[in-house]
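Below is one structure, written out as structure tokens, with a few remarks after it.
The values are calculated or read from the model by the stated rules, or taken from the named source; none is laboratory data. No experiment lies behind these values; they were computed from the predicted model shown. Backbone-built Cβ (ideal geometry, glycine too); neighbour counts: all protein chains shown.
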Amino acid sequence: MSHSVLVTGGAGFIGSSLVRKLIASTDQQITILDKLTYAGNLDSLEDSLNDSRVTFIQGDIADQSLVADILRTRHIQQIYNLAAESHVDRSIDGPSAFIETNVVGTFQLLETTLGYWKELESDKQKDFRFLQISTDEVYGSLGSTGLFTEKSQYQPNSPYAASKASSDHFVRAFHHTYGLPVLTTNCSNNYGPFQFPEKLIPLIIMKTLSREALPVYGDGSNVRDWLHVEDHCDALVHVMNIGTIGEVYNIGGNSERSNLEVVHTICDLVDRELQASTSSRELITFVTDRPGHDQRYAIDCSKLSDTLGWNPQYNFEVGMAATVNWYLNNTHWMTRVTDGSYRGQRLGREG
């Protein structure tokens, strides 16, 4: 049975990838709600908006009358909540926007959704799903060993992580208190096409192309598990459609790399593609570390693999080669999304 789907934050990096996934793999009617803040960009949806099943609405998840109208008039049965401020550096300099969107906005979206869900007929109530898309950063930092599991304690260390942890708790509370059918996912670091170039991978690609200094925090030893965005979106569809209500699922790429290893990989791939005469690694510049920079994140996604049959399709080498290739072939997109207020710095920190 085809469901009407609402994707909040659908003009962002992960949201736009999810919309492309839903178009390609389902016959669902898709409504996108996005406030179009700095990292939400209609250029990321340019092909999707031509599909007759896709409707774009500019608006805020905290606008309860707007959201209620969308839910009712479009008969929404599934909500993917991707609306979020998501950059750690920005959260350090300006945490209030993260509280407004990630905490207050999610709470108001839940309130509106609950009111709508209570009005549904019982069979539609049973089929309804609200999927909260969160991050592994809520778990805090790991030492050199160990993995985050769904049972890991929440220990957020940045204002961004704290805001996501809070919204996750509200989602859980609305399930346990009111019975709202929710699911939650916590993912590792995403990469791939259409990522706003304040994030490490597209920023380094962009600066390598322009032969600028490549800023690396501290000594570059911080480790992240890298997940290709298309693998992430495939997992989200799995969880939405066959996940168990009330459960949490961790999504990882099984690709741990230090930041310095990531930068070296990008340098070598760009150099190979452009047949560079000098190594881009010479452009690496170590800058003052981010305050409270978590040392290591790593995800155990065996629950998702064992119970829902999902596994990532991209390994790091294949995924990074495809990603670098995409940015090299889409410099027009990078130009368009960065020609305003963003100037290609590691936002939020000087150095």
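Selection over the range 251-265 of residues that are within 18 Å of W326 (Cβ to Cβ) and either free of Cβ contacts under 8 Å to residues at least 24 places away in the same chain or more than 21 Å from the chain's Cα centre (by Cα) (or both) gives a count of 1. Can you pull out the residues in the range 44-93 that are at pLDDT below 85 and surrounded by 14 or more Cβ atoms within 10 Å (Cβ to Cβ)? Residues satisfying the conditions are A84, E85, S86, H87, V88, D89, R90, S91, I92.
Filtered by the rule that a residue be farther than 26 Å from L110 by Cβ, surrounded by 15 or more Cβ atoms within 10 Å (Cβ to Cβ) and in contact (Cβ under 8 Å) with a residue 60 or more places away in the chain, the range 21-42 gives a lone residue, N41.
Within the bounds of the range 46-57, is there any residue that is closer than 30 Å to Y217 by Cα and touching a helix residue (DSSP H, G or I) at 6+ places or on another chain (Cβ under 9 Å)?
no
All of (1) more than 28 Å from L22 (Cα to Cα); (2) assigned to a loop (DSSP other than H, G, I, E, B); (3) among the charged types (D, E, K, R) hold for E261 with one exception: (2).
Can you tell me which residue in the range 196-211 is surrounded by the most Cβ atoms within 10 Å (Cβ to Cβ), limited to those that are at pLDDT 90 or above and touching a Leu at 6+ places or on another chain (Cβ under 9 Å)? Only one residue fits best here, namely I204.
Conditions (1) of a type in the set (A, V, I, L, M); (2) surrounded by fewer than 21 Cβ atoms within 10 Å (Cβ to Cβ), marked per residue:
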| position | (1), (2) |
| --- | --- |
| H169 | no, yes |
| A213 | yes, yes |
| I242 | yes, yes |
| G246 | no, yes |
| I251 | yes, no |
| S258 | no, yes |
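Among the residues making up the range 94-121, those that are modelled with pLDDT of 95 or more and of a type in the set (S, T, Y) are T106, T112, T113, Y116. Which one is nearest to R257 (Cα to Cα) among residues in the range 287-331 that are aromatic (F, W, Y) and touching a helix residue (DSSP H, G or I) at 6+ places or on another chain (Cβ under 6 Å)? My answer is Y297. Of everything in the range 264-286 that is surrounded by fewer than 16 Cβ atoms within 10 Å (Cβ to Cβ) and of a type in the set (V, I, T), the residue that is modelled with the lowest pLDDT is T278. Screening the candidates F130, F174, F170 for the property of being within 17 Å of the chain's Cα centre (by Cα), hydrophobic (A, V, I, L, M, F, W, C) and modelled with pLDDT of 95 or more yields one hit, F130.
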